[in-house]
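Chemist: A single structure is presented below for examination.
The values are calculated or read from the model by the stated rules, or taken from the named source; none is laboratory data. Please read these numbers as outputs of a predicted model, since none were measured by experiment. Neighbour counts are summed over all protein chains in view; Cβ atoms, including those assigned to glycine, are modelled from backbone coordinates with ideal geometry. Quick note on the areas: whole protein, heavy atoms, side chains included, nothing else; ligands and nucleic acids left out. Shrake-Rupley method; radii C 1.70, N 1.55, O 1.52, S 1.80 Å.
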Amino acid sequence: GNKDNNRITISEGDGSLAERYENLIENALGLSTSVRERKGKGNWELRIYSKAFLDSIEKDFPEVIAKNEKNIPDNICMLRNDYLSYFIRGLFDAEGWVDKKAKLVGITMSSIGVIERLHQLMLRFGIIGSLKTVKRKGSFAKKMKYGIVITDYGSLHNFSKFIGFSSERKRAELNKILSKSQTSWVDQFPLDGRFALSLIRKLKMTTNDFPETRMFFSGTRKISYEVF
């Protein structure tokens, strides 16, 4: 979004989300708003009319609307998890995406500060993501974008449980991934499989007793905590 002298303007690609935000702002803050479709642009524009509200944002959350390097304010980071989850959902509603083919959830932004802090905050919900430098297809931004991708099944499950999307389409796409994928590629158990093999041999057992994890015992493959 962007600010003017007496209003905040937010662009949103999903018309139903723009209306949802409009209802939240009117009901929670009692502010005057308007939503209009920008025909030919493929998005909707939500305007919030209140100089007092804009002034309060600039005073209490200056990092959010900084001209140069935006960031997530410290007082947002100290919120209780049930409140923080809504803030994170808002970020993913605006900048997040689901890739059904690659079975992942991602978010890209131009601010590396926001991405790095978001990456840390998601750990509070058991969500492990990978930081990446991203060049998004079709992006109009000339400067570099930064992103987080979530591929681990357990982390995707926690994202769905604790964060989620307001968009029905994105929720459906994430649920489709979770209904099929159960692979954990991150947060692997740190124990070397060859050491585990020495322990099971002391118990007079063999790798035949663990047919699904034989490659783990050779030391060539890691496994998740859940499988271990």
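Chemist: Looking only at residues in region 75-92 that are aliphatic (A, V, I, L, M) and over 18 Å from GLY1 (Cα atoms), which one is most open to solvent (accessible area, probe 1.4 Å)?
Modeler: Per the stated criteria, the residue is MET78.
Chemist: Here's another thing I want to ask about it. Contact list please: Cβ distance under 8 Å, first residue in region 74-99 and of a type in the set (Gly, Ala, Ser), second residue open to solvent by 50 Å² or more (accessible area, probe 1.4 Å), pairs at least six apart or on different chains.
Modeler: Correct list of pairs: SER85/PHE162.
Chemist: Filter region 207-228 down to residues that are open to solvent by 100 Å² or more (accessible area, probe 1.4 Å) and part of a helix (DSSP H, G or I), then give me how many there are.
Modeler: The number of residues fulfilling the criteria is 3.
Chemist: Return yes or no: is LYS67 closer than 20 Å to ALA172 by Cβ and open to solvent by 50 Å² or more (accessible area, probe 1.4 Å)?
Modeler: No.
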